[in-house]
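**Student:** Please read through the structure below; I'll follow up with questions.
The values are calculated or read from the model by the stated rules, or taken from the named source; none is laboratory data. Computed from a prediction, not measured in an experiment: that's the story for all the values here. Note: ideal-geometry Cβ built from the backbone for every residue, glycine included; neighbour counts use all protein chains shown. We work out accessible area using only protein heavy atoms, side chains counted, and drop any ligands, DNA or RNA first. Shrake-Rupley method; radii C 1.70, N 1.55, O 1.52, S 1.80 Å.
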Amino acid sequence: MAELESLETAAEHERILREIESTDTACIGPTLRSVYDGEEHGRFMEKLEARVRNHDREIEKMCNFHYQGFVDSITELLKVRGEAQKLKNQVTDTNRKLQNEGKELIIAMEELKQCRLQQRNISATVDKLTLCLPVLEMYSKLREQMKSKRHYPALKTLEHLEHTYLPQVSHYRFCKVMVDNIPKLREEIKEVSMSDLKDFLESIRKHSDKIGETAMKQAQQQRNLDNIVSQHPRISGGKKSKKEACASSDLEVKNTSPMSEQDSGILDVEDEDEDEEVPGAQDLVDFSPVYRCLHIYSVLGARETFENYYRKQRRKQARLVLQPPSNMHETLDGYRKYFNQIVGFFVVEDHILHTTQGLVNRAYLDELWEMALSKTIAALRTHSSYCTDPSLVLDLKNLIVLFADTLQGYGFPVNQLFDMLLEIQDQYSETLLKKWSGVFRNILDSDNYSPIPVTNEDVYKKIVGQFPFQDAELEKQPFPKKFPFSEFVPKVYNQIKEFIYACLKFSEDLHLSSTEVDDMIRKSTNLLLTRTLSNCLQNVIKRKNVGLTELVQIIINTTHLEKSCKFLEEFITNITNVLPETVHTTKLYGTTTFKDARHAAEEEIYTNLNQKIDQFLQLADYDWMAMEPGSRASDYLIDLIGFLRSTFAVFTHLPGDVDVHSTMSGKVAQTACMSACKHLSTSLMQLLLEAEVRQLTLGALQQFNLDVEECEQFARSGPVPGFQGDTLQLAFIDLRQV
């Protein structure tokens, strides 16, 4: 058993030795640990030393075997050392020579190296400058554009500089400075462009007047051209008849007519310039500041801010433009300037609407126009109410029509303006009535109330041309002869026609139908007849100093004017082309007017006669206690009867046609005579029966009887033809019975 373990130990020690011999020294640790972990490490050391001795013997054998070769090798090495020394010396010498020879080459190579380095630096510099120069050029261009106030191109240049060029050279210090300046440059461009816009707004406010004037001239030219093309039959016919009438109306009408051909208003001004081309708003105004500012703010992303600012400023300007001057109503130029400014404002806004996308829109313009329309109409209502001159009102109407047509051409609704013109038409009619009231007063005051004498055929035809009068009997009479009416008849007739023309003028260009024009003219003419002319006639009739002869002439005159009413109807029909039979056509009330005037004159005749009788009766001085009567009627009564005879003689011998004679003799003269006789009889009765007469003598009654007989004698003598039998004497029957 011990021998077996000894064999195993020996085999293990052998294995360990072999492992030590074949294993790397770094890995021998575990092997040695296995030896020390065992109990036979002494024996292992013995075997190890034996193994070392075996290897030493093998090494000694090997060295003895190779010794001669070793000696030979050493000998060869000694020989090689000598040769190597020689080679070293040769190499050293060669190196020295090479070094000496290569110094210049090294210097040249250093210079070449330096040149190559400089070349590389220059090339890099060129490359960098190639990148930087466009940036600097763009920046220089930007500054130049800003200096020349080309702000929109400057903004585009700034964009290219910021997004295209600067990113390529962003690491340079000067680029960082540029980048820091970009917001400042943008703000500067923004402020400068806004300053230009403010200058533009201020300029446009000052020049709105000129822009509006130009636009209205264009509208006037277009309307004139349209009138030439269309040749409206009613208006052209009316104007033709007007000229014909004016050519024949020369009987002192020139001094009394408030309307003449020259009162055509602004529609006839500057005819000589109609063929000249009128510049448009875009030719008068440089809109580039608005466009530039709009583009700049759009690029900067602040378009909405710009739009709000522009609209706010223009609203403020609109309110200023729509505020009329306090003295606007004094002259037409005041209205014209007011309209020019409004038109100029909206022409500019219309141009902005069509040349920009969204800066202003139709809703914004419509809102502004509604405000402008209401304020304009209110201002016109206020200021036109101060106008007392019909010529100014007519010119104002023409100006309003041109104003409306101009803005309508730009697409603005103007119906309210034409509705307002119908209101002004009523005011125009009132001013016409006031003016014609003065005209009629002048005519009636200057009339001599005597029949018009004519000495030759020319004068006769002239008067017949002015007034529609036909009398075969008068035509047959030799010259000189007299018309039955006085001069105020043709003058008043022509002034009525002038009034109708004045009314017609206002209706032109109001887009009214013929029926509406006809109705308007007839209503205004009726007011002229029933109010103005009627009042003037009544005032003349009621004057204190009017004589019976004048009253009789007024009756004759109003009779002829009454007959002329049908010719006035025809005259209106001719200029309006509306037949009198048309439904709703207004009739003229001239017949009633002249009848009322004639009745008033007749009543005034009766009143005046009775007043004259009363004046004579005031001279009566009866002595109711007289014992004997006088030899004849009382003196006052004889004078009274003489006055009545001469007065009724005037009635009887007035010239005129048969109708007038029969009218005067059958009505006025007979009624006046009967009224005078009745008033005389009543007055004498009152004298006889008055309370103060307490007793009468026979002589006094006989004297009173002589006076009554004188009155009866006057009645029997037929002072006025046409009484039947003793009709006139019956006026004194009650007095006779008493």
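**Student:** Quick check on the stretch 603-653: take the gyration tensor over C-alpha atoms, sort the square-rooted eigenvalues as a ≥ b ≥ c, and tell me if it's rounded (a/c under 1.5), prolate or oblate.
**Tutor:** Since a/c reaches 1.5 but b/c is at least a/b, the shape of the stretch 603-653 is classed as oblate.
**Student:** Ordered by residue, what ³J(HN,Hα) values in Hz, to whole numbers, does the stretch 82-98 give under the Karplus form 6.51 cos²θ - 1.76 cosθ + 1.60, where θ = phi - 60° and Gly and Pro are x?
**Tutor:** Listing the rounded values in order: x, 5, 5, 5, 4, 4, 5, 4, 5, 5, 4, 4, 4, 5, 4, 4, 4 Hz.
**Student:** Kindly express, to the nearest 10 degrees and within the range 0 to 90, the angle between helix 415-446's C-alpha long axis and the longest C-alpha principal axis of the chain.
**Tutor:** Compared with the principal axis, the helix lies near 30 degrees.
**Student:** Then there is this: Please report the spacing between the Cα centers of the stretch 475-529 and the stretch 308-379 in Å, no decimals.
**Tutor:** Their Cα centres are 42 Å away from one another.
**Student:** Here are labelled values, (1) 2.44; (2) 0.93; (3) 1.61, and one is the computed Cα Rg over 2.2 N^0.38 Å for what I pasted. Which one?
**Tutor:** (1)
**Student:** Could you work out how far helix 173-230 tilts from the main Cα principal axis of the chain, as a 0 to 90 degree angle to the nearest 10?
**Tutor:** 30 degrees
**Student:** Would you kindly derive the ³J(HN,Hα) couplings of the stretch 488-502 from the backbone phi angles with the Karplus curve 6.51 cos²θ - 1.76 cosθ + 1.60 (θ = phi - 60°), listing them in order in whole Hz, with x for Gly and Pro?
**Tutor:** 5, 5, x, 5, 5, 4, 5, 5, 5, 5, 4, 4, 4, 4, 4
**Student:** By average Cβ neighbour count within 10 Å, what is the ranking of 115-123, 599-607 from highest down?
**Tutor:** Top of the packing list down: 599-607, 115-123.
**Student:** Lysines within cross-link reach of residue 612: Cα-Cα under 17 Å, excluding same-chain residues under 8 positions apart?
**Tutor:** Of all the lysines, those that pass the test against residue 612 - Cα under 17 Å, at least 8 places apart if same chain - are 542, 544, 678.
**Student:** Which of the pairs 476/523; 434/587; 316/505; 217/587; 147/337; 217/316 have their Cα atoms more than 30 Å apart in this structure?
**Tutor:** 476/523; 316/505; 217/587; 147/337
**Student:** Hey, another quick one. Going by amide H atoms built from the backbone, whose H comes under 5 Å of the H on residue 481, apart from near neighbours?
**Tutor:** Residues meeting the criterion, in which the H sits 1.01 Å from N, are 454.
**Student:** While we're here: May I ask you to evaluate 6.51 cos²θ - 1.76 cosθ + 1.60, the Karplus curve with θ = phi - 60°, for each residue of the stretch 399-406 and list the ³J(HN,Hα) values in order in whole Hz, giving x for glycine and proline?
**Tutor:** 5, 5, 4, 5, 4, 5, 4, 4
**Student:** Return the lysines within reach of residue 312: Cα separation strictly under 22 angstrom, same-chain partners fewer than 8 residues apart disregarded; answer none if there are no such residues.
**Tutor:** Within reach: 190, 198, 206, 375.
**Student:** Ignoring everything but the protein chains, give the 1.4 Å probe accessible area of residue 367 in square angstrom, nearest 10.
**Tutor:** Near enough 110 Å² of accessible area.
**Student:** Excluding residues fewer than 8 places away in the same chain, name every one of the lysines whose C-alpha is closer than 16 Å to that of residue 481.
**Tutor:** By straight Cα distance, residue 481 reaches 461, 462.
**Student:** How large is the accessible surface of residue 351 in square angstrom, using a 1.4 angstrom probe and rounding to the nearest 10?
**Tutor:** Ignoring ligands and nucleic acids, residue 351 comes out at about 40 Å².
**Student:** If you count, for each residue, the other Cβ atoms within 10 Å and average over each peptide, how do 191-199, 557-565 line up from highest to lowest?
**Tutor:** Sorting 191-199, 557-565 by mean packing, highest first, produces 557-565, 191-199.
**Student:** Based solely on its DSSP helices, what 222 nm [θ] is calculated for the chain when runs of n ≥ 4 H residues each add -39,500 (n - 2.57) and the sum is averaged over all residues, nearest 500 deg cm²/dmol?
**Tutor:** -25000 deg cm²/dmol
**Student:** For the stretch 9-65, what D do you get in µm² per second when you plug the Kirkwood radius from alpha-carbon pairs into Stokes-Einstein at 10 °C and 1.306 mPa s?
**Tutor:** 129 µm²/s
**Student:** On a 0 to 90° scale, report how tilted helix 151-160 is relative to the longest principal axis of the chain, with both axes built from alpha carbons and the result rounded to the nearest 10.
**Tutor:** 20 degrees
**Student:** Right, another one. Distance from the Cα centre of the stretch 399-428 to that of the stretch 22-86, in angstrom?
**Tutor:** Cα centroid of the stretch 399-428 versus Cα centroid of the stretch 22-86: 136 Å apart.
**Student:** While we're looking at this one, here's another question. Determine the order of 492, 80 by accessible area, beginning with the largest, at a probe radius of 1.4 Å.
**Tutor:** 80, 492
**Student:** How would 186, 18 line up by accessible area, probe 1.4 Å, largest first?
**Tutor:** Accessible-area ranking of 186, 18, largest first: 18, 186.
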